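Q: Take a look at the following structure, please.
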Amino acid sequence: MRVVFLGTPKFAVPALQKLLDSSYDIRAVFTQPDRPAGRGHKLQPSPVKILAAEHGIQVFQPEKIRLEENRPIFEQLNPDYIVVVAYGQILPGWLLASARVGPVNIHASLLPRYRGAAPIAWAVIRGEAVTGVTTMIMDETLDSGPVLMQQEVPVPLAATAGELSDELSEIGADLLIRTLDAWQRGAIEPKPQDESRVSWAPRITKAIAETAWDNKALEIHNRIRGLNPWPVAYSSFRGERLHLWRSLPEAEVSEYRQAAGTFLGLSRDAARVQCGEGTVLRLLEVQLPGKSRVTGREFASGARLRAGDVIL
């Protein structure tokens, strides 16, 4: 069965690797154009392009895949399946229709929950205990096509969005192969999504990264781990941005409530901070500009914080 693969970031790499290891015939890979990255702003290929090049797979990198000039390419490739994993562009109807069997997408949520660009980050920010991966038939409306297969995945309290993304990418890759194999056998009945259960996961921006200490500790913790590895939550500290990489909320509510953002003292490797409604957050890993990441205890010691000092 002929496959054309569309994907760009690290999340898409396991799926492409599983296809390479399978009996499917990968006719071509489409990925985003090389982009400037790093301190030197040199053009860097996407992770998907690197893997495809290592295996001698033909790579296309159109700036805008919707343009009519790309239609003859897909007609010539004549794919049975189009597989899309975090490609990064809206796909036109003619492209989706060029797949003889169908266009299949891996989406990192249990659709119809968390449609949109950042399902993993928002599932973590909103404190979901369970998320998952969905394979679906693509249509021209965002993440709304019929569901093929799904797999649930628990979300540990300490898991960051980056860590969860790595796990879901591997699970999604396995689910993709199971989906394609089952669809070939006629063993899957696509199921329409329940529109009454739709929720959204819009693109993450830096605008939501600033921490408000008057929120509950669990809410702050979920935002910290949901914004790790990007854009990273932060708090103002002595005129600088203190980046907050890891944390854990304390189970018990503090009897002696201080103003939100007050340093309460140390606990093992953590700095304890007062949050809203008497809750307490343990800062496990933080970073000041131009400095390395350190434990909360190392940060508090280096800053000579005393109980009662306010982190604002």
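Any read-out appearing in this document is the output of simple, stated calculations on the displayed coordinates, not a laboratory observation. Computed from a predicted model, the values in this text were never measured in an experiment. For neighbour counting, all protein chains shown are included, and Cβ atoms are generated from backbone atoms with ideal geometry for every residue, glycine included.
Q: Please work out the C-alpha center-to-center distance from segment 130-168 to segment 181-234 and express it in whole Å.
A: So the two Cα centres are separated by 9 Å.
Q: In segment 206-302, with Lys and Arg counted as +1 and Asp and Glu as -1 at Cβ, which of these residues, Pro231, Leu281, Ala217, has the Cα nearest the positive end of the dipole, that is, farthest along it?
A: So the residue furthest toward the plus end is Pro231.
Q: Continuing with the same structure: Which value, in Å to one decimal place, does the Kirkwood hydrodynamic radius take for segment 143-230 when every pair of different Cα atoms is included? Walk me through the numbers before you get to the answer.
A: Working: mean 1/r = 0.0626 Å⁻¹.
About 16.0 Å for segment 143-230.
Q: Here's a follow-up. Where does each of Leu281, Leu51 land when they are ranked from fewest to most other beta-carbon atoms within 10 angstrom?
A: Working: Leu281 28, Leu51 22.
Ordered from fewest to most neighbouring Cβ atoms within 10 Å, Leu281, Leu51 come out as Leu51, Leu281.
Q: Give me the distance in nm between label points sitting 7 Å out from Cα along the Cα-to-Cβ direction at Val198 and Arg306, one decimal.
A: It is 5.7 nm.
Q: Where q = 0.06, 0.14, 0.15 Å⁻¹, what log10 of I(q)/I(0) comes from the Debye formula for the chain, counting one point per Cα?
A: Cα-only, vacuum Debye calculation for the chain: -0.26, -1.02, -1.11.
Q: Let me ask another. Please name which of Gln44, Asn105, Gln61 has its Cα lying farthest along the dipole of segment 30-110 towards the positive end, using unit charges on Cβ (Lys, Arg +1; Asp, Glu -1) and the Cα centre as origin.
A: Gln44
Q: OK, next. How do Arg71, Arg306 line up, fewest other C-beta atoms within 10 Å first?
A: Arg306, Arg71
Q: For each pair in Lys18/Lys191; Lys18/Lys206; Lys18/Lys42; Lys49/Lys291; Lys10/Lys191; Lys42/Lys206, compute the distance between the two Cα atoms and list the pairs where it is over 27 Å.
A: Lys18/Lys206; Lys18/Lys42; Lys49/Lys291; Lys10/Lys191
Q: Related question: Using a cut-off of under 16 Å, list every residue of segment 98-123 whose amide N is near the label point 7 Å from the Cα of Met1 along the Cα-to-beta-carbon line.
A: It comes to 98-106, nothing else.
Q: Sort Met138, Met149 by Cβ crowding within 10 Å, fewest neighbours at the top. List each step's numbers first, then the result.
A: Values: Met138 24, Met149 18.
In increasing order of surrounding Cβ atoms, one gets Met149, Met138.
Q: Which loop-located chymotrypsin sites (Phe, Trp or Tyr not before Pro) does segment 256-307 contain, where loop means any DSSP state but H, G, I, E or B and the Cβ has at most 11 other Cβ atoms within 10 Å?
A: Passing both the DSSP loop test and the Cβ count: Tyr256.
Q: Now for a separate question. Given charges of +1 on the Cβ of Lys and Arg and -1 on the Cβ of Asp and Glu, with all other atoms neutral, how large is the dipole of the chain about its Cα centre, in debye to the nearest 20?
A: So the magnitude is around 940 debye.
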